[in-house]
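Here the structure comes first, spelled out in C-alpha coordinates, and everything after it is commentary.
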Amino acid sequence: MKAPFFWQQYPPTPTAKILTPFSFITSLITRYQINKPGWHAPIPVLCCGNLTIGGTGKTTVALEMGHYCQQQSIPFAFLTRGYKRKSRIAEPFMVDLNQHNAKDIGDEALLLARLAPTWIGGNRAASAKAAIKKSPVKLLIMDDGLQNPTLYKDLSILVVDGVTGFGNQRLLPAGPLRQPVIQGLKTVKTCIFIGKDKTGLLPMITSHVPVFRANLTMNPAIRRFSNQSVIAFAGIGRPEKFFQTLKDNQLILSKTISFPDHHHYSNKDLNKLLSLHRHYQLPLVTTPKDYVRLPDQFRPLATPLEVCLTWHDPASLQKLFHMIHF
(Lines give C-alpha, C1' and ligand atoms only; values in the text may rest on other atoms or scores of the structure.)
Protein backbone atom coordinates (compact mmCIF):
# COMPACT_ATOMS: atom_id res chain seq x y z
CA MET A 1 0.00 0.00 0.00
CA LYS A 2 1.25 3.47 -0.91
CA ALA A 3 0.64 6.44 1.35
CA PRO A 4 -2.09 8.78 0.02
CA PHE A 5 -0.64 11.75 -1.83
CA PHE A 6 -2.71 14.22 0.18
CA TRP A 7 -0.81 13.21 3.34
CA GLN A 8 2.13 15.26 2.05
CA GLN A 9 0.16 18.31 0.93
CA TYR A 10 0.35 21.32 3.23
CA PRO A 11 -1.88 23.20 3.93
CA PRO A 12 -4.17 20.15 4.32
CA THR A 13 -6.47 19.36 1.40
CA PRO A 14 -10.29 19.13 1.68
CA THR A 15 -9.94 15.34 1.89
CA ALA A 16 -7.65 15.68 4.89
CA LYS A 17 -10.03 18.09 6.56
CA ILE A 18 -12.97 15.73 6.05
CA LEU A 19 -11.01 12.89 7.68
CA THR A 20 -9.70 15.01 10.56
CA PRO A 21 -12.56 14.16 13.00
CA PHE A 22 -11.52 10.49 12.77
CA SER A 23 -8.01 11.50 13.85
CA PHE A 24 -9.41 12.08 17.32
CA ILE A 25 -9.59 8.28 17.71
CA THR A 26 -5.90 7.94 16.79
CA SER A 27 -5.02 10.61 19.36
CA LEU A 28 -6.95 8.86 22.12
CA ILE A 29 -5.44 5.43 21.37
CA THR A 30 -1.88 6.75 21.23
CA ARG A 31 -2.27 8.77 24.41
CA TYR A 32 -3.62 5.70 26.20
CA GLN A 33 -0.69 3.57 24.96
CA ILE A 34 2.16 5.93 25.77
CA ASN A 35 0.81 6.55 29.29
CA LYS A 36 1.18 2.86 30.19
CA PRO A 37 4.22 2.12 32.37
CA GLY A 38 6.83 0.05 30.55
CA TRP A 39 9.17 -2.59 31.96
CA HIS A 40 12.56 -1.17 33.04
CA ALA A 41 15.30 -3.39 31.67
CA PRO A 42 18.48 -3.79 33.76
CA ILE A 43 20.48 -2.46 30.79
CA PRO A 44 19.93 0.69 28.68
CA VAL A 45 17.39 0.67 25.85
CA LEU A 46 17.89 2.95 22.84
CA CYS A 47 14.90 3.49 20.53
CA CYS A 48 15.06 4.81 16.95
CA GLY A 49 11.51 5.86 16.07
CA ASN A 50 9.38 8.40 14.29
CA LEU A 51 6.04 10.16 14.55
CA THR A 52 4.79 9.26 11.09
CA ILE A 53 3.86 6.28 8.93
CA GLY A 54 6.40 5.59 6.21
CA GLY A 55 10.13 5.52 5.73
CA THR A 56 12.15 8.18 7.53
CA GLY A 57 15.37 6.22 7.91
CA LYS A 58 14.80 4.44 11.25
CA THR A 59 16.50 1.22 10.17
CA THR A 60 19.45 3.13 8.70
CA VAL A 61 19.84 4.94 12.03
CA ALA A 62 19.52 1.69 14.02
CA LEU A 63 22.23 0.10 11.88
CA GLU A 64 24.42 3.18 12.36
CA MET A 65 24.06 2.80 16.13
CA GLY A 66 24.91 -0.88 15.81
CA HIS A 67 28.07 -0.23 13.82
CA TYR A 68 29.18 2.29 16.45
CA CYS A 69 28.60 -0.29 19.19
CA GLN A 70 30.80 -2.75 17.32
CA GLN A 71 33.55 -0.15 17.02
CA GLN A 72 33.33 0.53 20.75
CA SER A 73 33.14 -3.20 21.65
CA ILE A 74 29.70 -2.77 23.24
CA PRO A 75 27.74 -6.08 23.06
CA PHE A 76 24.19 -5.33 21.94
CA ALA A 77 21.06 -6.78 20.37
CA PHE A 78 18.32 -5.39 18.15
CA LEU A 79 14.60 -5.51 18.97
CA THR A 80 12.01 -5.23 16.19
CA ARG A 81 8.46 -6.32 15.53
CA GLY A 82 9.37 -7.79 12.12
CA TYR A 83 7.08 -5.58 10.05
CA LYS A 84 5.28 -7.43 7.23
CA ARG A 85 6.47 -10.81 8.49
CA LYS A 86 4.42 -13.89 7.73
CA SER A 87 5.54 -15.75 10.83
CA ARG A 88 2.85 -15.37 13.50
CA ILE A 89 4.79 -16.84 16.41
CA ALA A 90 3.46 -15.11 19.52
CA GLU A 91 6.55 -15.52 21.70
CA PRO A 92 9.68 -13.49 20.93
CA PHE A 93 12.27 -15.34 18.86
CA MET A 94 15.77 -14.65 17.59
CA VAL A 95 16.40 -14.43 13.86
CA ASP A 96 18.28 -17.40 12.42
CA LEU A 97 19.90 -16.40 9.11
CA ASN A 98 20.19 -20.08 8.16
CA GLN A 99 16.46 -20.64 8.49
CA HIS A 100 14.58 -17.36 8.11
CA ASN A 101 14.02 -15.29 4.98
CA ALA A 102 12.45 -11.89 4.31
CA LYS A 103 8.96 -13.37 3.93
CA ASP A 104 9.22 -15.08 7.31
CA ILE A 105 10.48 -12.14 9.35
CA GLY A 106 10.43 -9.00 7.17
CA ASP A 107 13.24 -7.27 5.29
CA GLU A 108 14.27 -4.91 8.11
CA ALA A 109 14.76 -7.72 10.62
CA LEU A 110 16.89 -9.61 8.11
CA LEU A 111 19.19 -6.62 7.57
CA LEU A 112 19.55 -6.06 11.32
CA ALA A 113 20.30 -9.73 11.96
CA ARG A 114 23.24 -9.59 9.57
CA LEU A 115 24.90 -7.21 12.02
CA ALA A 116 23.87 -8.47 15.46
CA PRO A 117 21.46 -10.76 17.35
CA THR A 118 17.94 -9.62 16.46
CA TRP A 119 14.81 -10.46 18.40
CA ILE A 120 11.32 -10.27 16.90
CA GLY A 121 8.11 -9.76 18.83
CA GLY A 122 5.22 -7.37 19.29
CA ASN A 123 5.82 -7.16 23.04
CA ARG A 124 9.18 -5.40 23.28
CA ALA A 125 9.51 -6.11 27.00
CA ALA A 126 9.24 -9.85 26.34
CA SER A 127 11.81 -9.54 23.54
CA ALA A 128 14.14 -7.59 25.81
CA LYS A 129 13.92 -10.22 28.55
CA ALA A 130 14.64 -12.98 26.02
CA ALA A 131 17.63 -11.09 24.58
CA ILE A 132 19.13 -10.43 28.01
CA LYS A 133 18.65 -14.05 29.07
CA LYS A 134 20.24 -15.39 25.89
CA SER A 135 23.52 -13.46 25.95
CA PRO A 136 25.43 -10.87 28.06
CA VAL A 137 24.40 -7.77 26.10
CA LYS A 138 24.95 -4.28 27.51
CA LEU A 139 22.55 -2.37 25.23
CA LEU A 140 19.28 -3.00 23.40
CA ILE A 141 18.52 -1.06 20.20
CA MET A 142 14.89 -0.79 19.11
CA ASP A 143 14.15 -0.29 15.43
CA ASP A 144 10.82 1.57 15.65
CA GLY A 145 8.54 1.28 18.67
CA LEU A 146 8.47 4.88 19.85
CA GLN A 147 4.75 4.48 20.60
CA ASN A 148 5.12 0.94 21.98
CA PRO A 149 4.42 1.12 25.75
CA THR A 150 5.71 -2.28 26.88
CA LEU A 151 9.37 -1.34 27.32
CA TYR A 152 10.89 1.75 28.98
CA LYS A 153 13.33 3.61 26.70
CA ASP A 154 16.39 5.19 28.27
CA LEU A 155 17.15 7.12 25.09
CA SER A 156 14.34 7.77 22.59
CA ILE A 157 15.58 9.20 19.30
CA LEU A 158 13.16 10.84 16.89
CA VAL A 159 14.19 10.29 13.26
CA VAL A 160 12.95 12.98 10.86
CA ASP A 161 13.26 13.08 7.07
CA GLY A 162 13.97 16.69 6.14
CA VAL A 163 12.16 16.42 2.80
CA THR A 164 8.82 15.07 4.04
CA GLY A 165 8.90 16.28 7.65
CA PHE A 166 5.57 15.49 9.27
CA GLY A 167 3.59 15.66 6.02
CA ASN A 168 0.39 17.67 6.34
CA GLN A 169 0.81 17.52 10.14
CA ARG A 170 -2.51 15.70 10.61
CA LEU A 171 -3.08 12.46 12.49
CA LEU A 172 -4.12 9.20 10.85
CA PRO A 173 -6.21 8.83 8.73
CA ALA A 174 -6.17 12.52 7.76
CA GLY A 175 -2.37 12.53 7.62
CA PRO A 176 0.70 10.40 8.33
CA LEU A 177 1.15 11.25 12.02
CA ARG A 178 0.87 8.50 14.63
CA GLN A 179 0.65 11.04 17.44
CA PRO A 180 0.55 14.85 17.77
CA VAL A 181 3.92 16.48 17.11
CA ILE A 182 4.23 18.37 20.40
CA GLN A 183 3.17 15.29 22.36
CA GLY A 184 5.76 13.23 20.49
CA LEU A 185 8.54 15.75 21.09
CA LYS A 186 7.85 15.52 24.82
CA THR A 187 8.50 11.76 24.76
CA VAL A 188 11.93 11.86 23.06
CA LYS A 189 15.31 13.05 24.30
CA THR A 190 16.88 13.96 20.98
CA CYS A 191 16.31 14.06 17.22
CA ILE A 192 18.29 12.94 14.19
CA PHE A 193 17.34 15.18 11.28
CA ILE A 194 18.25 13.66 7.90
CA GLY A 195 18.79 15.82 4.82
CA LYS A 196 17.85 19.40 4.01
CA ASP A 197 15.00 21.07 5.90
CA LYS A 198 12.49 21.33 3.06
CA THR A 199 9.47 21.89 5.33
CA GLY A 200 10.83 24.51 7.74
CA LEU A 201 10.35 22.28 10.81
CA LEU A 202 13.90 22.42 12.13
CA PRO A 203 13.52 25.59 14.28
CA MET A 204 10.43 24.16 15.96
CA ILE A 205 12.13 20.82 16.71
CA THR A 206 15.33 22.43 18.02
CA SER A 207 13.28 24.50 20.44
CA HIS A 208 12.17 21.27 22.14
CA VAL A 209 15.07 18.79 21.89
CA PRO A 210 18.74 18.72 20.85
CA VAL A 211 19.13 17.88 17.15
CA PHE A 212 21.88 15.96 15.38
CA ARG A 213 21.99 16.49 11.63
CA ALA A 214 23.08 14.04 8.96
CA ASN A 215 22.82 13.39 5.24
CA LEU A 216 22.22 10.13 3.43
CA THR A 217 25.19 9.11 1.32
CA MET A 218 25.83 6.05 -0.78
CA ASN A 219 28.33 3.36 0.05
CA PRO A 220 31.60 3.90 -1.87
CA ALA A 221 30.74 0.80 -3.94
CA ILE A 222 28.35 2.98 -5.92
CA ARG A 223 31.26 4.76 -7.55
CA ARG A 224 31.64 2.02 -10.13
CA PHE A 225 28.25 3.08 -11.51
CA SER A 226 29.08 6.80 -11.69
CA ASN A 227 28.13 8.32 -15.05
CA GLN A 228 26.62 4.98 -16.11
CA SER A 229 23.05 4.25 -17.16
CA VAL A 230 21.13 1.89 -14.86
CA ILE A 231 17.61 0.62 -14.24
CA ALA A 232 16.63 1.35 -10.64
CA PHE A 233 13.75 -0.25 -8.74
CA ALA A 234 12.59 0.04 -5.13
CA GLY A 235 9.72 -0.96 -2.88
CA ILE A 236 10.31 1.24 0.14
CA GLY A 237 8.45 4.05 1.90
CA ARG A 238 9.73 6.67 -0.54
CA PRO A 239 11.28 5.14 -3.69
CA GLU A 240 11.85 8.62 -5.13
CA LYS A 241 14.23 9.32 -2.23
CA PHE A 242 16.40 6.38 -3.31
CA PHE A 243 16.24 7.44 -6.96
CA GLN A 244 17.25 10.99 -6.12
CA THR A 245 20.20 9.74 -4.08
CA LEU A 246 21.37 7.77 -7.11
CA LYS A 247 21.11 10.88 -9.28
CA ASP A 248 23.03 12.88 -6.69
CA ASN A 249 25.80 10.32 -7.06
CA GLN A 250 25.98 10.78 -10.84
CA LEU A 251 24.08 7.65 -11.86
CA ILE A 252 22.00 7.98 -15.02
CA LEU A 253 18.54 6.51 -14.43
CA SER A 254 17.24 5.18 -17.74
CA LYS A 255 14.25 3.59 -16.02
CA THR A 256 12.82 3.75 -12.50
CA ILE A 257 10.22 1.30 -11.21
CA SER A 258 8.42 1.89 -7.92
CA PHE A 259 6.69 -0.78 -5.85
CA PRO A 260 4.71 -0.52 -2.58
CA ASP A 261 6.63 -0.41 0.70
CA HIS A 262 7.95 -3.86 1.79
CA HIS A 263 6.64 -5.34 -1.48
CA HIS A 264 7.17 -9.07 -2.01
CA TYR A 265 8.12 -9.59 -5.64
CA SER A 266 5.84 -11.81 -7.73
CA ASN A 267 6.88 -13.75 -10.83
CA LYS A 268 5.15 -11.04 -12.88
CA ASP A 269 7.27 -8.34 -11.23
CA LEU A 270 10.47 -10.30 -11.75
CA ASN A 271 9.66 -11.02 -15.38
CA LYS A 272 9.08 -7.30 -15.95
CA LEU A 273 12.45 -6.42 -14.41
CA LEU A 274 14.17 -9.19 -16.37
CA SER A 275 12.57 -7.98 -19.60
CA LEU A 276 13.80 -4.42 -19.01
CA HIS A 277 17.26 -5.68 -18.16
CA ARG A 278 17.50 -7.68 -21.37
CA HIS A 279 15.92 -5.01 -23.57
CA TYR A 280 18.13 -2.16 -22.42
CA GLN A 281 21.18 -4.26 -21.57
CA LEU A 282 21.63 -2.21 -18.41
CA PRO A 283 22.36 -3.25 -14.80
CA LEU A 284 19.55 -3.44 -12.27
CA VAL A 285 20.17 -1.59 -9.00
CA THR A 286 18.01 -1.53 -5.88
CA THR A 287 18.01 -1.01 -2.10
CA PRO A 288 19.33 -3.58 0.41
CA LYS A 289 15.77 -3.98 1.74
CA ASP A 290 14.52 -4.90 -1.72
CA TYR A 291 17.50 -7.12 -2.41
CA VAL A 292 16.78 -9.42 0.55
CA ARG A 293 13.19 -9.78 -0.69
CA LEU A 294 14.30 -11.07 -4.09
CA PRO A 295 14.41 -14.85 -4.75
CA ASP A 296 17.90 -16.34 -4.52
CA GLN A 297 18.00 -17.12 -8.24
CA PHE A 298 17.23 -13.49 -9.17
CA ARG A 299 19.76 -11.80 -6.89
CA PRO A 300 22.77 -12.19 -9.24
CA LEU A 301 20.92 -9.91 -11.71
CA ALA A 302 20.56 -7.02 -9.23
CA THR A 303 23.03 -4.95 -7.22
CA PRO A 304 22.07 -3.56 -3.80
CA LEU A 305 23.33 -0.01 -3.23
CA GLU A 306 23.61 0.79 0.46
CA VAL A 307 23.19 4.17 2.09
CA CYS A 308 24.77 5.40 5.30
CA LEU A 309 24.73 8.58 7.35
CA THR A 310 27.27 11.36 7.00
CA TRP A 311 27.11 13.52 10.11
CA HIS A 312 27.37 17.31 10.05
CA ASP A 313 29.27 17.01 13.33
CA PRO A 314 31.71 14.05 13.20
CA ALA A 315 31.38 13.68 16.99
CA SER A 316 27.59 13.16 16.81
CA LEU A 317 27.60 9.45 17.62
CA GLN A 318 29.96 9.95 20.53
CA LYS A 319 27.69 12.70 21.89
CA LEU A 320 24.60 10.54 21.42
CA PHE A 321 26.09 7.65 23.33
CA HIS A 322 27.15 9.98 26.14
CA MET A 323 23.41 10.45 26.70
CA ILE A 324 23.15 6.76 27.65
CA HIS A 325 24.05 5.86 31.23
CA PHE A 326 25.67 2.43 31.11
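Summary table below
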| item | result |
| --- | --- |
| Net charge, PHE5 excluded, C-beta distance under 14 Å - Lys, Arg +1, Asp, Glu -1 | +2 |
| Global geometry of segment 239-326, whether rounded, prolate or oblate, following the gyration tensor of its Cα atoms and the 1.5 cut on a/c | prolate |
| Environment charge of LYS196, counting only residues whose C-beta is closer than 13 Å and scoring Lys/Arg +1, Asp/Glu -1 | 0 |
| Most fluctuating residue given options PRO260, PRO14, PRO176, as computed from a GNM of the chain linking Cα atoms under 10 Å | PRO14 |
| Heavy-atom accessible surface of segment 1-143: percent carbon and sulfur, 1.4 Å | 57 percent |
| Translational diffusion of segment 156-242, µm² s⁻¹ [Kirkwood Rh, Cα pairs; Stokes-Einstein; 37 °C; 0.692 mPa s] | 219 µm²/s |
| Within the chain: Cβ-based charge dipole about Cα centre, in debye rounded to nearest 20 (Lys, Arg +1; Asp, Glu -1) | 420 debye |
| Total lysine pairs under 17 Å (Cα atoms) in segment 1-140, excluding pairs fewer than 8 apart on one chain | 5 |
| Whole-angstrom Cα spans of segment 170-317 along principal axes, big to small | 53, 37, 25 |
| Where only C-alpha atoms are counted, convex hull volume of segment 64-159 per residue in Å³ | 102 Å³ |
| Within-15-Å neighbourhood charge of PRO173 [Cβ basis; K, R +1; D, E -1] | +4 |
| Gyration tensor (alpha-carbon) shape descriptor, segment 37-106, a/c threshold 1.5 | rounded |
| Rounded accessible area per residue of segment 48-163, 1.4 Å, Å² | 39 Å² |
| LYS198 paired with THR303, simple spin-label distance in nm, labels 7 Å along Cα-to-beta-carbon | 2.6 nm |
| Prolate/oblate/rounded call for segment 138-197, Cα gyration tensor, a/c under 1.5 rounded | oblate |
| Two-decimal Rg/Rh across the chain, once Rg and the Kirkwood Rh are taken from alpha-carbon atoms | 0.96 |
| Gain in span if fully extended, THR310 to ILE182, counting 0.36 nm per residue against the direct Cα distance | 43.3 nm |
| Whole-number accessible area per residue in Å² for segment 176-326, which is evaluated in the context of all protein chains at 1.4 Å | 50 Å² |
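The values are calculated or read from the model by the stated rules, or taken from the named source; none is laboratory data. The structure displayed is predicted, hence computed values, not measured ones. Cβ atoms come from the backbone with ideal geometry, glycine included; neighbour counts cover every protein chain shown. In case anyone asks, the SASA skips ligands and DNA or RNA and just uses the protein heavy atoms, side chains included. Shrake-Rupley method; radii C 1.70, N 1.55, O 1.52, S 1.80 Å.
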